[in-house]
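Comments concern the structure below.
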Amino acid sequence: MLRDAFLPTSFDHSRSPVFRAVEHPGVRYSSARWSPEPLGRLVAALREGGEALWQIPAEDLVAAWGDTVATFLRQGSLERRALDPPLAKLCGLSREGLRAGLEAVLGGVRREPAAALFARAGPAPAASAGTGPVLVVLASNLPGLAVQPLLPALAAGRPVLLKSSSSEPLFAPAFLSALVRREPRLAAAVAAATWEGGDEELEAPVLAGVGTVLAYGGKEALDDLERRAPGKVIGYGPKISLAAIGADVEPRQAAEGLARDIALFDQRGCLSIAAVYTAGDGEILGQAIAEELLGLARRMPPGPSPARQALVAVQHLRLEAEMRGFWHSSLAPREGTVVVDPNPELRLSPGLRTVRVHPLADLSRLPGLLWRWKGRLQGAALAGEAAWALEPELRELGISRFAPPGELQSPDASWHNGGIDTLAALAALTSPSPPSPDR
């Protein structure tokens, strides 16, 4: 039975939390019940186990990492056969949607980009020896997200505790278990656990004992963590992504990639496209995107149960387009929605593979239109010379990821998520943590 935790070998298993079988949206797994004292011991065990991590040659770590990622990319592997059915249910994705999502996330951390990241990191600094473990607070919107912060933490020579969301607690411990089987010397330096976030009493020993917190979540949750762990938090908050298409770009050529960047993860990621700006004919591009979304709905169906709130919002958007005389697609709501909106204002998508296409004859106006979103923009899919000419100005607005349509949601390990160089940030936060609680 799958577990929602992976515990380091240095942890006192005789005093471990109790594991009980639980069932969550039709998925049965073994879940640990945590209290402050064992969580404090878990962090202390990782601090001690970190010494083993510093002694593992980088080439050995990269080899184990690359083999583990390759295994999780193989749909027929033992790990994937065990993990895919429950993971698809927990994430609310179709089997094909989960496969495409994992390929996008894991593809960017294969052996070659991982080796490049380790080479850039160099030997772990001596200061790391006195630094507490890295706590990674994961979100639940994307499957497999744990690998993105885990890789730079290991490259920096830091022991890691992955805290999974209670709505998706299985990928992180499964990945760590497979990684440790390939590199047993990691067994004392990595852990995964799941508990309800925001409980101050429960999390106090964790936040006191770790040296850095890499956290994904909303502004309120990130602000709360910074209040309780001042100076330790590197936050990855919610952001929005878009596309810009030049007039010289053939619409159908762009539409294929745009549809993928809209549909992947059922449009839940920070790199999911919410709006497309085009200097060409908006209706022609909108029709081409709708046709591609229809094809994707058949090859990569959306998840089985869209949230009622999202469905109502999509229906409202469609009704508004109808009332205002805007062109909009005739797809079923679960297949996707395309609206050609002459108002160039950037707005959030309600989800369910919904996108607004904004005709903009002069793409050079786009940075000015996006100014009020500065700091809340994540990625831009660009096609055509005029669109790529915008990259410097868009970067000044905080966009950290640029790619052709279809590649936006497949960054590699060199991407600075949200403009944050995680390796550099981990190196900067190397102040020794306070003494660990008595175990």
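None of the figures in this text is laboratory data; all of them are computed from the coordinates on show. Because the structure is a prediction, the values reported are computed rather than measured. FYI the Cβ positions are ideal-geometry reconstructions off the backbone, even for glycines, and counts take in every protein chain you see.
Converting phi to 3J(HN,Hα) with the Karplus coefficients 6.51, -1.76 and 1.60 and the offset θ = phi - 60°, the range 3-19 yields 10, 9, 8, 10, 10, x, 5, 7, 7, 6, 5, 5, 10, 6, x, 6, 9 Hz in sequence order, with x at every glycine or proline. Seen against the Cα atoms of the chain and their longest principal axis, helix 58-73 is set at about 50 degrees.
GNM remark for the chain: springs join alpha carbons under 10 Å apart, and the peak mean-square fluctuation among Gln309, Gln409, Gln287 falls on Gln309. Calculated mean residue ellipticity at 222 nm for the chain: -13000 deg cm²/dmol, from DSSP H runs with n ≥ 4 weighted as -39500 (n - 2.57), summed, divided by the residue count and rounded to 500. Per-residue 3J(HN,Hα) values for the range 149-154, derived from phi via the Karplus relation 6.51 cos²θ - 1.76 cosθ + 1.60 with θ = phi - 60°, read x, 5, 4, x, 5, 5 Hz in sequence order (x marks Gly and Pro). Taking the Cα centre of the chain as origin and assigning +1 to Lys and Arg Cβ atoms and -1 to Asp and Glu Cβ atoms, the resulting dipole is close to 920 debye.
The mean sequence separation of alpha-carbon pairs under 8 Å and at least six residues apart, normalised by the residue count of the chain, gives a relative contact order of 19 percent.
In loop segments of the range 334-435 as defined by DSSP, the GluC sites (Glu not before Pro) with at most 13 further C-beta atoms inside 10 Å of their C-beta are Glu345. Between the helical axis of 111-121 and the longest alpha-carbon principal axis of the chain there is an angle of about 70 degrees.
When you count the other C-beta atoms within 10 angstrom of each residue and take the mean per peptide, 164-177, 81-94, 218-231 line up highest first as 164-177, 81-94, 218-231. Taking each residue as 0.36 nm, the span from Asp60 to Ala389 lengthens on full extension beyond its C-alpha to C-alpha distance by 114.3 nm.
Gyration tensor analysis over the Cα atoms of the chain returns equivalent ellipsoid semi-axes of 40, 23, 20 Å (largest first, whole Å). Ordering Gly132, Gly49, Cys91 by the projection of their Cα atoms onto the charge dipole of the range 49-143, which places +1 on the Cβ of Lys and Arg and -1 on the Cβ of Asp and Glu, puts Cys91 at the extreme positive end.
In terms of its alpha-carbon gyration tensor, the range 22-142 comes out oblate; a/c meets the 1.5 threshold, while b/c is at least as large as a/b. Listed by chain and number, the lysines whose C-alpha is less than 17 Å from the C-alpha of Lys232, apart from same-chain residues fewer than 8 away, are Lys163, Lys219.
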